[in-house]
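Let me begin by presenting the structure, written as structure tokens, before commenting on it.
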Amino acid sequence: MSSQLQAPKGVAEYVPPESEAFLTVREALCEPARNAGYKYVELPIFEDTALFVRGVGESTDVVSKEMYTFDDRGGRSITLRPEGTAGVIRSTIEHSLDRGQLPVKLWYAGPFFRAERPQRGRYRQFFSVGIEAIGGDDPALDAEVIAIANEGFRSLGLRNFRLELTSLGDSNCRPAYRIRLQEFLSRLDLDPETRDRAALNPLRVLDDKRQSVIDQVVDAPLMLDHLCSACSHHFAEVRSYLEVLGIEYSLAPRLVRGLDYYTRTTFEFTHAGLGAQSAIGGGGRYDGLMTTLGGQDLSGIGFGLGVDRTLLAVQSEGIVLPPRNPLAIFIVALGSEAKKRAVLLAGEIRTAGIAVDLSYGDRGLKGAMKAADRSGAHFSIVIGERDLEKDTGELKNMQSGVQETISLATLIATIKARLL
RNA sequence: GUGGGUGUAGCUCAGCAGGUAGAGCGCCGGGUUGUGGUCCCGGAUGUCGCGGGUUCAAGUCCCGUCACUCACCCCA
């Protein structure tokens, strides 16, 4: 056992039957974006380390202690992407996608990597679906992004998720607020570690889960109360659009994101069934990121949704996802001549776009029928030596048990008709 | 990175005054010589996570380690 190879620590693997649910969840999360005009981007899984250091922020936990960074053979520092937004912005600038009509609307899906201590819902390789709308200040765009995430979760049948919303202000009003908050925090009795955090990213202290800290920050000044008029107006517009859309949310003035680039509208979707790692998706506006990465001064907004966690949420609510690609028919051949006919038939049926499987090996009829049953096929067809002369088979509806003799020559047409 | 819990068949778990392993489900076969899902009968599979220690004897006690898990932290 000690020599048994196993997957690296902290990675999630999806194998049948769970892997089918994983695909369903991932597609459900992508679908609303495609319906809203977002175009697909396929980006590298590793990037120049400097992209994340500059984009995500050197002081963030993600960059300072959670990245998989290594030197490639040319001595370049490479990092496995810990999030998606920085890469999308880099690619947008590199390919001048922002030189045409705005906003540029993009979506992506794939694996991301963070070297954290694994636990339920937190993996070292995890899967996200994300979108970015670049080059638009319109509050309606903020609402659209939130609505797309909401629709993804809703379409899976999820009910026990919440949307938390706030505004983090911008370069105009946040610095002043930050100083005000730091002054407040400096008067509190905090441990050294928290004190350091207060100096580096004071907002983060408001999000502390320890009761001793929570008690001390109840009266802390909140960003929402100190927004400049432009930010305040923008946030009010976003809220009014959400109301029009009928999307419920709760204001979370203490909501903080761990990535430095967020400004203004910021949100998080959480689910109660996951334990401590409750965020199933999150995102927000990042009005300065593009210039930070060397592009023109365009704002943007986007989200990242956790496929792994959304799957956990689906499971925790006991939602049964519909099967994917159910087999239309399962062929049972008796004898070597019948087997040849069955193999040929299966190829023809697949070419016609119909899902079919067949019994392999030397199983008896009983065992083969059992396999047909397990396969979930709508129909089974038994082809034995005695049927071969007439080129017929015994077609059975697996649900009703009704069986009839039908011609193999017209099998495809028969199946199509029966499946309607 | 810090602390707590767990680790026995493919899965869920039982076994503990220390005496070299069991159940249910699943899987395979038979009852039904060409028919599944119910029922009945039978069968296969474990270096009891790994390494070391105590003991005549360790799945059971001790230590270490790895993995999983929960919380802190952080976030998807």
query = Within segment A:228-272, which residues are of a type in the set (Ser, Thr, Tyr), more than 22 Å from A:Gly288 (Cβ to Cβ) and touching a strand residue (DSSP E or B) at 6+ places or on another chain (Cβ under 9 Å)?
reply = A:Tyr249, A:Ser250, A:Thr270
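Of all helices (runs of 4 or more DSSP H) completely enclosed by segment A:206-320, which ones contain at least 3 residues that are β-branched (Val, Ile, Thr) and either within 13 Å of RNA strand B (Cβ to nearest atom) or touching a residue at least 12 places away in the same chain (Cβ under 8 Å) (or both)? Write out each step before concluding.
On the way: elements: A:211-217, A:229-245, A:289-292, A:307-316.
Fully inside segment A:206-320 and qualifying: A:211-217, A:307-316.
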note = Turns out the strands (runs of 3 or more DSSP E) fully within segment A:1-113 with at least 1 residues that are aliphatic (A, V, I, L, M), in the same structural domain as A:Thr263 (by TED's automatic domain parsing) and over 22 Å from A:Tyr262 (Cβ atoms) are A:77-80
message = Here is a list: A:Phe52, A:Phe22. Which entry is closer than 21 Å to A:Leu97 by Cβ and either under 21 Å from the mean Cα position of the chain (by Cα) or modelled with pLDDT of 95 or more (or both)?
response = A:Phe52
key: Matching option when the condition is aromatic (Phe, Trp, Tyr), modelled with pLDDT of 95 or more and within 27 Å of the chain's Cα centre (by Cα), among A:Tyr262, A:Tyr241   = A:Tyr241
key: Matching entry among A:Ser375, A:Ser336 (being crowded, with 16+ Cβ neighbours inside 10 Å and either of a type outside the set (Lys, Arg) or out of contact with any strand residue (DSSP E or B) (no Cβ under 9 Å at 6 or more places or on another chain) (or both))   = A:Ser375
message = Restricting to segment A:381-409, count the residues that are surrounded by 13 or more Cβ atoms within 10 Å (Cβ to Cβ), among the small types (Gly, Ala, Ser) and more than 6 Å from RNA strand B (Cβ to nearest atom).
response = 2
key: Options A:Ile354, A:Ile349: the member that is in a loop (DSSP other than H, G, I, E, B), modelled with pLDDT of 95 or more, of a type outside the set (S, T, N, Q) and out of contact with any Phe, Trp or Tyr (no Cβ under 9 Å at 6 or more places or on another chain)   = A:Ile354
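The rows are residues; the columns are (1) crowded, with 21+ Cβ neighbours inside 10 Å; (2) without any contact (Cβ under 8 Å) to a residue 24 or more places away in the chain; (3) assigned to a helix (DSSP H, G or I).
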site: A:Gly136; (1), (2), (3): no, no, no
site: A:Ala140; (1), (2), (3): no, no, yes
site: A:Val145; (1), (2), (3): yes, no, yes
site: A:Phe153; (1), (2), (3): yes, no, yes
site: A:Ser171; (1), (2), (3): no, no, no
site: A:Tyr177; (1), (2), (3): yes, no, yes
key: Some residue of segment A:33-44 being within 16 Å of RNA strand B (Cβ to nearest atom), surrounded by 13 or more Cβ atoms within 10 Å (Cβ to Cβ), among the aromatic types (Phe, Trp, Tyr) and in contact (Cβ under 8 Å) with a residue 60 or more places away in the chain   = no
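May I ask you to say which residue of A:Ala342, A:Ala338, A:Ala328 is more than 30 Å from A:Ala50 (Cα to Cα), within 16 Å of RNA strand B (Cβ to nearest atom) and in contact with a Phe, Trp or Tyr (Cβ under 8 Å, 6 or more places away or on another chain)?
Values: A:Ala342 fails: in contact with a Phe, Trp or Tyr (Cβ under 8 Å, 6 or more places away or on another chain); A:Ala338 fails: in contact with a Phe, Trp or Tyr (Cβ under 8 Å, 6 or more places away or on another chain).
Just a single option satisfies the conditions, and that option is A:Ala328.
The values are calculated or read from the model by the stated rules, or taken from the named source; none is laboratory data. Note that this is a predicted model, so its numbers are computed, not measured. Backbone-built Cβ (ideal geometry, glycine too); neighbour counts: all protein chains shown.
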